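Novice: Supplied in structure tokens, the structure appears directly below.
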Amino acid sequence: MNYLMPEFLVQVDHERCRRCKLCVNNCGFEALDFKERVVSDDSKCVACHRCVLVCPERAINVVKNPVAFKESYHWNVEHIKNIYKQAATGGKLLTATGNEKPYKSYFDHLVLDACQVTNPSIDPLREPMELRTYLGSKPDKVEIVKENGKYKLKTKMPPQVKLETPIVFAAMSYGAISLNAHKALAAAAKECGILYNTGEGGLHRDLYEYADHTIVQVASGRFGIDREYLNKGVMVEIKIGQGAKPGIGGHLPGEKVDEEVSQTRRIPVGSDAISPAPHHDIYSIEDLSQLIYAIKEATNYQKPVCVKIAAVHNVAAIASGIARAGADVIYIDGFRGGTGATPATIRDHVGIPIEMALAAVDDRLRSEGIRNRVSIIASGGIRSSADMIKAIALGADAVGIGTAALIAIGCQMCQKCHTGRCSWGIATQRPERVRVLKPEKAKEQLVNLVRSWSLELKEILGALGVNAVESLRGSRERLRGIGLNQIELEILGVKPVGR
């Protein structure tokens, strides 16, 4: 007996349906079929809403199954269904996207101060507002010399990467998402003057033209990595961990490894791509330092090296070690960070929020006098320009957005990325599904998102009475906490509202 009832019900208005079969052809999960009329297998529906939105007659709706379980605060419906699944399969529960548990979102408990008397901007959208950000290690001091009547910079600057606005598209590998999704991210990054990240799956040759806007990642699996790959990006990122699955590696199922993914990752077609939890050559900060300088040697010291870590309880000490190991950028990913596949237990119960981790890291690096040695990118559930602005005030130089970027190009958050059946052509390698996503249109939507957030950032800067994002960075005096206890306020380094 199957104890699991369908989570969603597909409702078809057969009076309005014209029997065009668009819904059937667009369902990547095969939940719809045509037998003289459209019929549904509700057990396969994941509420991705593709059928709802492609139907020209708006004849389809997807609703939550109203069949109720007996209410219990401790044994809720999720726990019961998960036990049913594991009792039937004997396997671990996989899921995708970010942590959905109702933990406190600290961004929602922070408000920004305003400057309504002394120096508010008259029109922040027309006055000069400097959003440009440079990622890379900064020297302890800068020396200027005068030669032939002109002043020149004597200090040799480490390599820097310019962002026209303090946003990067987070790491999502080719394989986990489609080539069309990668093309959209790369093209949007170029148009916006920001960066996108290859993730751990190597770099497809079609994306070589976007080298000046590419972060190439070195993960534990080392897929597709050689000197050419390292030099096809403007920054190299060593992935130690990510927020959705701290302490464990990655797994791309073999059904997602087609011919193109195989060539890019340099693994056999149809084979699982396993990234172990540790790098085979990193078991200490000294080992990490060796890899950082090996990458700098391979790139002629022309590219900043970033190290990505998950937000965990000792993240401040880890970040301090990374800064001293020679990294130029530290990427911190909070426990609400998205992923293409992870055990649900890991995603929902391991790690800490990005707000707390970011504040702790910024504090530690400042107290040790080494904050200038590294730039900080914060990610893990950045949902809006407000989250971005608050992250910068807590100490970030820039933010990484992954889930928000995918939502901008059509993701419906059905959390089935790991199945490879994405009806929207994003988290799939199936040719008939990949074609659904049009790179040019998706690029336009991403550009619109970045521009919208940038406009809102300018408005906030104007309200704060400053004209450069640099003036906001780490300025926690401009933040106030609401509904937070004293310990939380101390960790975040902000005052309560009213003070």
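Novice: Give me the angle, in degrees from 0 to 90, between the Cα long axis of helix 315-324 and the longest principal axis of the Cα atoms of the chain, rounded to the nearest 10.
Specialist: 50
Novice: What are the chymotrypsin sites (Phe, Trp or Tyr not before Pro) within the range 289-337 that DSSP puts in a loop, where the Cβ has at most 15 other Cβ atoms within 10 Å? Don't jump to the answer; show the numbers that get you there.
Specialist: Values: sites: Y293, Y301, Y331, F335; in loops: Y301, F335.
Within the range 289-337, the qualifying chymotrypsin sites (Phe, Trp or Tyr not before Pro) (loop, at most 15 other Cβ atoms within 10 Å) are Y301.
Novice: Dipole of the chain, Cα-centred, from +1 at each Lys and Arg C-beta and -1 at each Asp and Glu C-beta, to the nearest 20 debye? Spell out each step's value before the answer.
Specialist: Working: 65 positive and 56 negative charges, 61 e Å.
That gives the chain a dipole magnitude of about 300 debye.
Novice: Can you give me the Cα centroid spacing of the range 223-284 and the range 451-499 in angstrom?
Specialist: Each part's Cα centre sits 36 Å from the other's.
Novice: Then there is this: State, in angstrom, two size descriptors of the range 433-476 derived from its alpha carbons: Rg to one decimal place and Dmax to the nearest whole number.
Specialist: Spelled out, the Cα radius of gyration and Dmax of the range 433-476 are 16.0, 48 Å.
Novice: Okay, next question. So what is the relative contact order of the range 8-91, in percent, for Cα pairs below 8 Å that sit 6 or more residues apart? Spell out each step's value before the answer.
Specialist: Details: 92 pairs, mean separation 28.3, N = 84.
Once divided by the residue count of the range 8-91, the mean separation gives 34 percent.
Novice: Can you compute the charge dipole magnitude of the range 290-362 about its Cα centre, using +1 on each Lys and Arg Cβ and -1 on each Asp and Glu Cβ, nothing else charged? Give it in debye, rounded to the nearest 20. Please report the intermediate quantities before stating the final value.
Specialist: On the way: 6 positive and 6 negative charges, 30 e Å.
Charge dipole, the range 290-362, about its Cα centre: 140 debye, nearest 20.
Novice: How do 439-449, 390-400, 67-77 rank on mean C-beta neighbours within 10 Å, highest first?
Specialist: On the way: 439-449: 17.8, 390-400: 26.6, 67-77: 8.9.
For the peptides 439-449, 390-400, 67-77, the packing ranking is 390-400, 439-449, 67-77.
Novice: Tell me whether the range 153-291 comes out rounded, prolate or oblate; compute the Cα gyration tensor, take square roots of the eigenvalues as a ≥ b ≥ c, and use a/c under 1.5 as the rounded threshold.
Specialist: Numbers: a/c = 1.85, a/b = 1.19, b/c = 1.55.
The shape class here is oblate.
Novice: If you don't mind, there's one more thing I want to ask. Would you mind checking K101/K232; K64/K104; K190/K296; K70/K92; K104/K256; K92/K256 for any pair whose Cα atoms are more than 29 angstrom apart?
Specialist: Working: K101/K232 38 Å; K64/K104 26 Å; K190/K296 24 Å; K70/K92 25 Å; K104/K256 35 Å; K92/K256 20 Å.
From the list (K101/K232; K64/K104; K190/K296; K70/K92; K104/K256; K92/K256), the Cα-Cα distance tops 29 Å for K101/K232; K104/K256.
Novice: If you don't mind, there's one more thing I want to ask. Magnitude of the Cβ-charge dipole of the range 8-91, K/R +1 and D/E -1, about the Cα centre, nearest 20 debye?
Specialist: Numbers: 13 positive and 10 negative charges, 28 e Å.
Result for the range 8-91 is approximately 140 debye, rounded to the nearest 20.
Novice: Percentage of Cα-Cα pair distances in the range 1-91 greater than 19 Å, rounded to whole percent?
Specialist: Numbers: 1938 of 4095 pairs.
Every Cα pair in the range 1-91 considered, those over 19 Å come to 47 percent.
Novice: Report, ordered by chain and residue number, the aspartates and glutamates lying within cross-link reach of K438, taken as a straight Cα distance under 18 Å and ignoring same-chain residues fewer than 8 apart.
Specialist: Qualifying aspartates and glutamates at Cα under 18 Å: E191, D206.
Novice: Let me ask something additional. If you take the beta carbon distance between L112 and R366 as r and set R0 to 25 Å, what does 1/(1 + (r/R0)^6) give as a FRET efficiency, to the nearest 0.05? Walk me through the numbers on the way to the answer.
Specialist: Details: r = 21 Å, r/R0 = 0.84.
Between L112 and R366 the formula returns 0.75.
Novice: What order, most packed first, do the peptides 173-182, 81-90, 25-34 have when packing is the mean number of other Cβ atoms within 10 Å of each residue?
Specialist: Numbers: 173-182: 26.4, 81-90: 11.8, 25-34: 18.3.
So the peptides 173-182, 81-90, 25-34, ranked by packing, come out 173-182, 25-34, 81-90.
Novice: Still on this model: Taking a point 7 angstrom from the Cα of L93 along the C-beta vector, which residues in the range 61-82 have backbone N less than 19 Å away?
Specialist: Of the residues in the range 61-82, 64-82 have backbone N under 19 Å from the label point off L93.
Novice: On a 0 to 90° scale, report how tilted helix 285-298 is relative to the longest principal axis of the chain, with both axes built from alpha carbons and the result rounded to the nearest 10.
Specialist: Tilt relative to the chain: about 80 degrees.
Novice: For the chain, take the longest principal axis of its alpha carbons; what is the angle in degrees between that and the long axis of helix 385-394, to the nearest 10 within 0 to 90?
Specialist: 40
Novice: R0 = 41 Å: FRET efficiency of K438 with K495, Cβ-based, nearest 0.05?
Specialist: Working: r = 48 Å, r/R0 = 1.17.
So the FRET efficiency works out to roughly 0.30.
Novice: Next up: Under 8 Å for C-alpha pairs, at least 6 residues apart: give me the relative contact order for the range 288-355, rounded to a whole percent. Show your work: numbers first, answer last.
Specialist: Details: 78 pairs, mean separation 23.3, N = 68.
Rounded, it is 34 percent for the range 288-355.
Readers should treat all values here as calculations from the given coordinates under stated rules, not as data from a laboratory. The model shown is predicted, which means the values in this text are computed figures rather than measured ones. Here Cβ is always computed from backbone atoms with ideal geometry, including for glycine, and neighbour counts include all displayed protein chains.
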